[in-house]
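Presented below is the structure to which this report refers.
The values are calculated or read from the model by the stated rules, or taken from the named source; none is laboratory data. Note that this is a predicted model, so its numbers are computed, not measured. Heads up, the Cβs are rebuilt from the backbone with ideal geometry, glycines too, and the neighbour counts pull from every protein chain shown. Heavy atoms of the whole protein, side chains included, go into the accessibility calculation; ligands, DNA and RNA do not. Shrake-Rupley method; radii C 1.70, N 1.55, O 1.52, S 1.80 Å.
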Amino acid sequence: MKSSTEFCMAVSSALAEHKNEENRIPMEKYMKNQFPFYGIKAPEQKKILAPILKEFKDITEEERLKTAVQLFLQPMRECHYAALALLEKGIKKAPEESIATYKKLLMTKPWWDTVDRIAAHLCGGYFQRYPEKLRSYTEEWRASDHLWLRRSSLLHQLKYKGNTDVELLFETIGKLKQEHEFFIEKAIGWALREYSKTDAEAVIRFLNEIEVRPLSRREGLKWVRNKHPELLPS
């Protein structure tokens with residue numbers, strides 16, 4: 001059986017072989033110089049990782065989680081992306097204890113690029129698999145002192161469309177609506193915009209009844225304004 005150490009070594013070696021100095025500087029700049037990069041853009045990362053993910057397709061779920069944590073301890077940002085790619089391969093098989101690892105990764109070298117992927121894809125998939133846990137974790141994380149856990153609590157249902165727990169979504173926005181924090185304001189708007197594609201009138205009613213930050217309102221109504229302006233007051 002393949003081990004987490006073997007996977008980490010294979011990923012690190014393959015990525016290092018394809019480092020690109022020309023790409024590195026703009027990629028690091030785009031991420032506000034939060035992390036060092038090899039300079040490998042997303043399409044090439046996917047090609048590099050594909051054969052490794054195939055080779056390790058039979059990894060156990062315990063090893064999958066352990067591997068992701070090990071990769072997040074690596075300095076290069078592409079290693080963190082590789083960890084998420086590995087976890088995404090196991091979304092439909094994620095064991096109940098996966099949420100603890102997802103939380104750990106949300107708090108490890110956090111920035112929007114990894115946090116949003118963990119929140120919407122991994123946590124989102126997890127709560128579809130274990131729906132009875134959605135409310136308790138959303139309530140816990142929205143009350144956290146950790147910025148990125150609060151942002152995550154707004155994005156768990158981003159892809160749920162008609163299966164969204166609207167009461168929970170609106171309740172969570174209500175708890176966070178007056179934070180003067182860009183990443184929270186933006187997440188509120190993003191969550192509302194995505195749900196407006198399913199029920200525009202519900203989002204409009206909600207925003208008529210509650211005061212949110214201007215950025216959240218603009219972002220939340222962007223899709224409606226572009227696609228169904230007739231629903232908005234003239």
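The distance separating the Cα centre of the range 198-234 from that of the range 13-66 comes to 38 Å. With the Cα gyration tensor of the range 128-232 giving a ≥ b ≥ c as the square roots of its eigenvalues, does the rule (a/c under 1.5 for rounded; else a/b larger than b/c for prolate; else oblate) give rounded, prolate or oblate? Oblate. Heavy atoms of the protein chains alone define the surface here; on that basis the range 15-153 has 50 Å² accessible area per residue at 1.4 Å probe size. Projecting the Cα atoms of Leu158, Gly189, Pro229 onto the dipole axis of the range 131-234, where Lys and Arg carry +1 and Asp and Glu carry -1 at the beta carbon, places Pro229 farthest toward the positive end. May I ask for the Rg/Rh ratio of the range 52-107, computed from Cα atoms with Rh as the Kirkwood radius, given to two decimals? Result for the range 52-107 is an Rg/Rh of 0.93. Are any of the pairs Lys32/Lys103; Lys103/Lys175; Lys47/Lys161; Lys19/Lys161; Lys177/Lys197; Lys54/Lys186 more than 28 Å apart by Cα-Cα distance, and if so, which? Beyond 28 Å between Cα atoms: Lys47/Lys161; Lys19/Lys161; Lys54/Lys186. Less than 5 angstrom separates the built amide H of Lys89 from none of the residues sequence-distant by 5 or more or on a different chain. Note on the chain: the C-alpha convex hull projects to 13.5 nm² when averaged across all orientations.
Taking all protein chains in place and a 1.4 Å probe, what share, in percent, of the accessible surface of the range 1-152 do carbon and sulfur account for? About 54 percent, which is the carbon plus sulfur part of the accessible surface.
For the range 163-226, the Cβ-based charge dipole about the Cα centre amounts to some 340 debye (Lys, Arg positive; Asp, Glu negative; other atoms uncharged).
Can you give the FRET efficiency for Lys89 and Ala16, using 1/(1 + (r/R0)^6), R0 = 25 Å, r = Cβ-Cβ distance, to the nearest 0.05? So the FRET efficiency works out to roughly 0.65. With the simple model of a label 7 Å out from the Cα in the direction of the Cβ, Lys227 to Ser144 spans 3.0 nm.
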